[in-house]
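Peer 1: Starting off with a structure, shown below.
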Amino acid sequence: MKIVFLDASTMGDVSFEPIAALGEFVVYDRSTPEQALERVADCEVLIVNKVLVTKELIDSAPSLRLICESATGVNNIDLEYAASKGIPVRNAVGYSTTAVAQATFMQILSLLGQGPYYDDCVKSGRYSSMDIFTDPAMNWDEVEGRTIGIIGMGNIGQRVARIAKAFGMKVCYYSTSGTGHCTEYPSLPLDELLGISDVVSIHAPLNDRTAGLIGAAQIEMMKPTAILVNMGRGGIVDEKSLADAIDNEMIAGAALDVFVKEPTPADNPLLHVRHPERLRLAPHAAWASVQARERLVAQIADNIAKGW
């Protein structure tokens with residue numbers, strides 16, 4: 001069985017041994033559309049992350065029997081055409097729940113606790129020159145007693161909620177599907193959630209219901225002391241409106257791991273705000289803990305081992 005991974009560079013240095021043990025395994029860091037057409041010629045199992053699996057690509061692989069997505073979303077695959085050819089498509093779910101929840105609170109605690117400021121205070125030498133034992137100039141806030149409003153109460157949203165409860169936070173959520181299936185916490189309309197939350201944390205997929213969900217009007221509903229965290233998808237938040245809100249101190253801060261365009265273009269307004277200290281930005285890396293990548297490889301191997 002020949003297994004081909006067309007764009008494995010996103011996986012970093014994780015071991016592919018569980019997959020390699022299943023057959024002849026060929027790995028490419030990246031593949032252009034033209035290269036992909038050539039590389040799948042004798043492929044039986046195709047693994048992709050962001051490569052577009054089009055009708056043309058599927059037709060270029062006459063031996064193809066299984067497509068594995070090395071992620072949860074399968075919007076890069078022509079599912080209808082694959083089904084018409086009798087080729088199953090299998091994705092991976094749940095592998096990054098722990099990682100994203102941890103990254104969410106890393107950013108929340110950094111923003112509320114002013115982590116970079118204090119780190120710089122010592123490393124820059126300011127602390128060494130002070131005449132008292134502490135730096136009281138910067139205010140920082142506790143999370144206990146604050147309200148976190150979670151947009152999207154799926155697996156990750158529920159994990160974030162449990163961590164928030166452990167910190168003594170109050171939890172509410174907005175169901176992007178319109179169905180408040182989680183009864184452990186109150187489900188609120190979006191405008192009400194935005195108005196009462198000290199932390200608004202997004203953990204939703206990008207679809208017709210969530211695209212552009214948080215724009216200027218929604219940010220205006222938030223408390224000026226609140227922070228916005230987006231660990232879902234970049235298209236959910238209007239980046240220009242968020243940059244304006246940071247510049248005009250309409251909210252206290254924001255943290256983003258996802259962007260409308262990835263990698264982030266140099267002219268993204270979030271890279272040019274007047275108050276960068278109010279922002280925490282990460283390169284879509286919240287999913288990618290060592291353990292999450294190992295779980296992802298194991299899930300892909302399991303999907304292949306199940307056959308077709």
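Peer 1: Under 1.5 on a/c is rounded, so check that first for segment 174-308, then, if it is not, pick prolate when a/b is larger than b/c and oblate when it is not; a ≥ b ≥ c are the square roots of the alpha carbon gyration tensor eigenvalues.
Peer 2: Details: a/c = 2.27, a/b = 1.39, b/c = 1.63.
Cα axes put segment 174-308 in the oblate bin.
Peer 1: Provide, for q = 0.14, 0.17 Å⁻¹, the log10 of I(q)/I(0) from a solvent-free Debye sum over equal Cα point scatterers in segment 132-216.
Peer 2: The calculated log intensity ratios at q = 0.14, 0.17 Å⁻¹ are -0.50, -0.68.
Peer 1: Could you check the simple spin-label distance between Ser124 and Met138, using points 7 Å along Cα→Cβ, in nm with one decimal?
Peer 2: 0.8 nm
Peer 1: Only loop residues by DSSP count here, and only those with at most 14 other Cβ atoms within 10 Å; note down the trypsin sites (Lys or Arg not before Pro) in segment 178-243 that meet that. The partial results should precede the final answer.
Peer 2: Values: sites: Arg209, Arg233, Lys240; in loops: Arg209, Arg233.
Passing both the DSSP loop test and the Cβ count: Arg209.
Peer 1: Along the charge dipole of segment 84-159, Cβ charges K/R +1 and D/E -1, which of Ile151, Thr104, Ser84 sits furthest on the positive end?
Peer 2: Going by the charge dipole, the pick is Ser84.
Peer 1: Enumerate the calculated ³J(HN,Hα) couplings along segment 220-229 in order (Karplus 6.51 cos²θ - 1.76 cosθ + 1.60, θ = phi - 60°), each rounded to whole Hz, writing x wherever the residue is Gly or Pro.
Peer 2: Karplus values, whole Hz, x for Gly and Pro: 5, 6, 7, 5, x, 9, 8, 10, 10, 10.
Peer 1: In what order, largest first, do Leu46, Leu190, Leu281, Leu206 sit by accessible area if the probe radius is 1.4 Å? Don't jump to the answer; show the numbers that get you there.
Peer 2: Working: Leu46 5, Leu190 25, Leu281 70, Leu206 90 Å².
From most accessible down to least: Leu206, Leu281, Leu190, Leu46.
Peer 1: Could you compute Rg(Cα) / (2.2 N^0.38 Å) for segment 167-242, with N its residue count? Mind dumping the intermediate values first?
Peer 2: Details: Rg = 12.0 Å, N = 76, 2.2 N^0.38 = 11.4 Å.
Ratio of Rg to 2.2 N^0.38 Å for segment 167-242: 1.06.
Peer 1: So, with +1 on the Cβ of K and R and -1 on the Cβ of D and E, and no other charges, what is the size of the charge dipole of segment 222-304 about its Cα centre, to the nearest 20 debye? Can you show the working numbers first?
Peer 2: On the way: 9 positive and 11 negative charges, 28 e Å.
The calculation lands at about 140 debye.
Peer 1: Would you mind getting the accessible area per residue of segment 206-308, heavy atoms of the protein chains only, 1.4 Å probe, in Å²?
Peer 2: Numbers: 4890 Å² over 103 residues.
Heavy-atom SASA per residue in segment 206-308 reads 48 Å².
Peer 1: Per residue of segment 157-163, what does 6.51 cos²θ - 1.76 cosθ + 1.60 with θ = phi - 60° give for ³J(HN,Hα)? Whole Hz please, x for Gly and Pro, Karplus curve as stated.
Peer 2: Going residue by residue, I get x, 5, 5, 4, 4, 5, 5 Hz, with x marking Gly and Pro.
Peer 1: For segment 107-112, what does the Karplus curve 6.51 cos²θ - 1.76 cosθ + 1.60, with θ = phi - 60°, yield as ³J(HN,Hα) per residue in whole Hz, taken in order and with x for Gly and Pro?
Peer 2: Result, ordered by residue: 6, 4, 5, 5, 5, 6 Hz.
Peer 1: While we're looking at this one, here's another question. Kindly identify segment 56-190 as rounded, prolate or oblate by the Cα gyration tensor criterion: order the square roots of the eigenvalues as a ≥ b ≥ c, call it rounded if a/c is under 1.5, otherwise compare a/b with b/c, prolate if a/b is larger, else oblate. List each step's numbers first, then the result.
Peer 2: On the way: a/c = 4.44, a/b = 1.92, b/c = 2.31.
Judged from the Cα gyration tensor, segment 56-190 comes out oblate (a/c at least 1.5, b/c at or above a/b).
Peer 1: Now a separate question. Which distance in nm do the two modelled labels at Glu17 and Leu52 give, with both placed 7 Å along the Cα-to-Cβ direction?
Peer 2: With each label placed 7 Å out from Cα toward Cβ, I get 3.8 nm.
Peer 1: Could you work out [θ]222 nm for the chain from helices alone, using -39500 (n - 2.57) per DSSP H run of at least four and dividing by all its residues? Round to the nearest 500 deg cm²/dmol.
Peer 2: Numbers: 11 runs with 98 residues, N = 308.
Helix contribution divided over all residues of the chain: -9000 deg cm²/dmol.
Peer 1: Further question: Treating segment 24-130 as a set of equal point scatterers at the Cα positions, no solvent, please give the Debye-formula log₁₀ I(q)/I(0) at q = 0.17, 0.19, 0.20 Å⁻¹.
Peer 2: Values returned for q = 0.17, 0.19, 0.20 Å⁻¹ are -0.80, -0.93, -1.00.
Peer 1: Sticking with this one: Per residue, how much accessible surface does segment 31-102 expose to a 1.4 Å probe? Answer in Å², no decimals. Numbers along the way, then the final one.
Peer 2: Values: 3380 Å² over 72 residues.
Ligands and nucleic acids excluded, the figure is 47 Å² per residue.
Peer 1: Below 14 angstrom from the Cβ of Gly12, what's the summed charge of the other residues (Lys, Arg +1; Asp, Glu -1)?
Peer 2: Value of the local net charge: -1.
Peer 1: Right, here's the next one. How do Met138, Met221 rank by accessible surface area computed with a 1.4 Å probe, from largest to smallest? Walk me through the numbers before you get to the answer.
Peer 2: Details: Met138 60, Met221 80 Å².
Output order, biggest surface exposure first: Met221, Met138.
Peer 1: Next question. Mean-square fluctuation check for the chain, GNM, Cα pairs under 10 Å: which of Gly212, Gly86, Gly149 is largest?
Peer 2: Looking only at Gly212, Gly86, Gly149, the largest GNM fluctuation is found for Gly86.
Peer 1: Counting only protein heavy atoms, what percent of the accessible surface of the chain is carbon or sulfur at a 1.4 Å probe? Don't skip to the answer; put the middle values down first.
Peer 2: On the way: 7840 of 15100 Å².
Its accessible area is 52 percent carbon and sulfur atoms.
Peer 1: Between Asp191 and Thr98, what is 0.36 nm times their sequence separation minus the Cα-Cα distance? Round to one decimal in nm. Please report the intermediate quantities before stating the final value.
Peer 2: On the way: separation 93, 0.36 × 93 = 33.48 nm, distance 2.84 nm.
Taking Asp191 through Thr98 to full extension adds about 30.6 nm, to one decimal.
Peer 1: Still on this structure: Could you give the length gained by full extension between His272 and Lys165, i.e. 0.36 nm per residue of separation minus their alpha carbon distance, to one decimal place?
Peer 2: Values: separation 107, 0.36 × 107 = 38.52 nm, distance 3.48 nm.
Value of the extension gain: 35.0 nm.
Peer 1: Taking the Cβ-Cβ separation of His181 and Asn75 as r and a Förster radius of 25 Å, what is the calculated FRET efficiency to the nearest 0.05? Before the final figure, lay out each step's value.
Peer 2: Details: r = 23 Å, r/R0 = 0.93.
Here the calculated transfer efficiency is 0.60.
Peer 1: Further question: For the chain, what mean projected area does the convex hull of the alpha carbons give, in nm²? The partial results should precede the final answer.
Peer 2: On the way: hull surface 73.8 nm².
So the mean shadow area of the Cα hull is 18.5 nm².
Peer 1: Given 0.36 nm per residue, what is the gain on full extension from Ser110 to Arg65 after removing their alpha carbon distance, in nm?
Peer 2: On the way: separation 45, 0.36 × 45 = 16.20 nm, distance 4.65 nm.
Between Ser110 and Arg65, full extension yields an extra 11.5 nm.
Peer 1: With +1 assigned to the C-beta of every Lys and Arg and -1 to the C-beta of every Asp and Glu, and no other charges, what is the dipole magnitude of the chain about the Cα centre in debye, to the nearest 20? Walk me through the numbers on the way to the answer.
Peer 2: On the way: 26 positive and 38 negative charges, 124 e Å.
So the dipole magnitude of the chain works out to roughly 600 debye.
Peer 1: Which of the three applies to segment 222-275, rounded, prolate or oblate, going by the alpha-carbon gyration tensor with a ≥ b ≥ c and a/c under 1.5 meaning rounded?
Peer 2: Numbers: a/c = 2.34, a/b = 1.37, b/c = 1.71.
Verdict is oblate for segment 222-275.
Peer 1: Now, a different point. What residue among Val122, Val258, Val27 shows peak mean-square fluctuation when the chain is described by a Gaussian network model with Cα springs under 10 Å?
Peer 2: The residue that fluctuates most here is Val122.
Peer 1: Sticking with this structure for a sec: Just to be sure I understand: with springs between alpha-carbon atoms less than 10 Å apart, which residue in Asp238, Asp135, Asp257 has the highest mean-square fluctuation in the Gaussian network model of the chain?
Peer 2: Ranking Asp238, Asp135, Asp257 by mean-square fluctuation puts Asp135 first.
The values are calculated or read from the model by the stated rules, or taken from the named source; none is laboratory data. Keep in mind the model is a prediction, meaning the values are calculated, not measured. Reconstructed Cβ throughout: ideal geometry from the backbone, glycine too, with neighbour counts over all protein chains shown. Only protein heavy atoms, including side chains, enter the accessible area calculation; ligands, DNA and RNA are left aside. Shrake-Rupley method; radii C 1.70, N 1.55, O 1.52, S 1.80 Å.
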